[in-house]
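In what follows, a structure is listed as structure tokens, so that the remarks can point back to it.
Bear in mind these aren't lab numbers, they're just calculated from the coordinates by the rules spelled out. Keep in mind it's a predicted model, so treat the numbers as computed, not measured. Cβ coordinates were reconstructed from backbone atoms using ideal geometry, including for glycine residues, and neighbour counts include every protein chain displayed.
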Amino acid sequence: MLKHGILNPNVLELLGRFRHTNTLVIADRGFPSWPKVPTIDLSLTDDIPTVAQVLEALLPACKIGGAFMAREFTAKNPAKAVKTAEQLLRAHGIKLRYEKHADFKMRVPGCIGLIRTADTIPYRNIILESA
């Protein structure tokens, strides 16, 4: 029986398929559904869990080569939320690239999976690329 680390069997299965250059999405609660992208819904109540909490749990388990977020995240949210995301990625040596939200969403169909959170911060979605 697992006692620590990631305990959710669906998340563990997704991470088992997350190989070199594969991508996966960690999304806020308002992110649209993508019928052909397997989705794991972790939402419980407002902000439980958040994108940052899920990201923090996943980073020690994966080797991430890069990350993508929508530029609108920086424009429509408090500087503290933006700084938190950037610092978390930087602490793990992950390069973050911002792009238009429309371009970000074009990446989603190529992702191996999507983890939906209950995050209420708009545009906090992130796509991780395996190293």
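Can you list residues whose amide H is under 5 Å from residue 65's amide H, if they're 5+ apart or on another chain and H is modeled 1.01 Å from N?
Hits under the 5 Å cutoff: 129, 130, 131.
Counting Lys and Arg as +1 and Asp and Glu as -1, what is the net charge of the other residues whose Cβ lies under 13 Å from the Cβ of residue 74?
Spelling it out: positives minus negatives among the neighbours equals +4.
Please give me the summed charge of the neighbours of residue 22: other residues whose Cβ is under 14 Å from its Cβ, Lys and Arg +1, Asp and Glu -1.
On the way: positive: 17, 19, 63, 107; negative: 13, 129.
Net charge around residue 22: +2.
Could the peptides 102-115, 29-42 be put in order, highest first, of the mean number of other beta-carbon atoms found within 10 Å of their residues?
Values: 102-115: 16.2, 29-42: 13.8.
Output ranking for 102-115, 29-42: 102-115, 29-42.
The range 91-131 to the range 1-70: how many Å between their Cα centroids?
10 Å
So between residue 19 and residue 102, what do we pick up on full extension, going 0.36 nm a residue minus the alpha carbon distance?
Value of the extension gain: 27.4 nm.
Suppose every K and R has +1 on its Cβ and every D and E has -1 on its Cβ; what is the size of the dipole of the range 21-130 about the Cα centre, in Debye to the nearest 20?
Once rounded to the nearest 20, the dipole reads 320 debye.
Ratio of Rg to Rh for the range 37-80, alpha carbon only, Kirkwood?
0.99
List nothing, just return the count: lysine pairs in the chain, 8 or more apart or interchain, with Cα separation under 20 Å.
8
Taking one equal scatterer on every alpha-carbon of the range 21-130, how large is log10 of I(q)/I(0) by Debye at q = 0.10, 0.14 1/Å?
Debye intensities relative to I(0), on a log10 scale: -0.24, -0.48.
Could you tell me the calculated FRET efficiency between residue 91 and residue 33, based on Cβ-Cβ distance and R0 = 22 angstrom, to the nearest 0.05? Walk me through the intermediate numbers first.
Numbers: r = 31 Å, r/R0 = 1.43.
It comes to 0.10.
Compute the relative contact order of the chain as a whole-number percentage, counting only Cα pairs closer than 8 Å that sit 6 or more residues apart in sequence.
After rounding, I find 51 percent.
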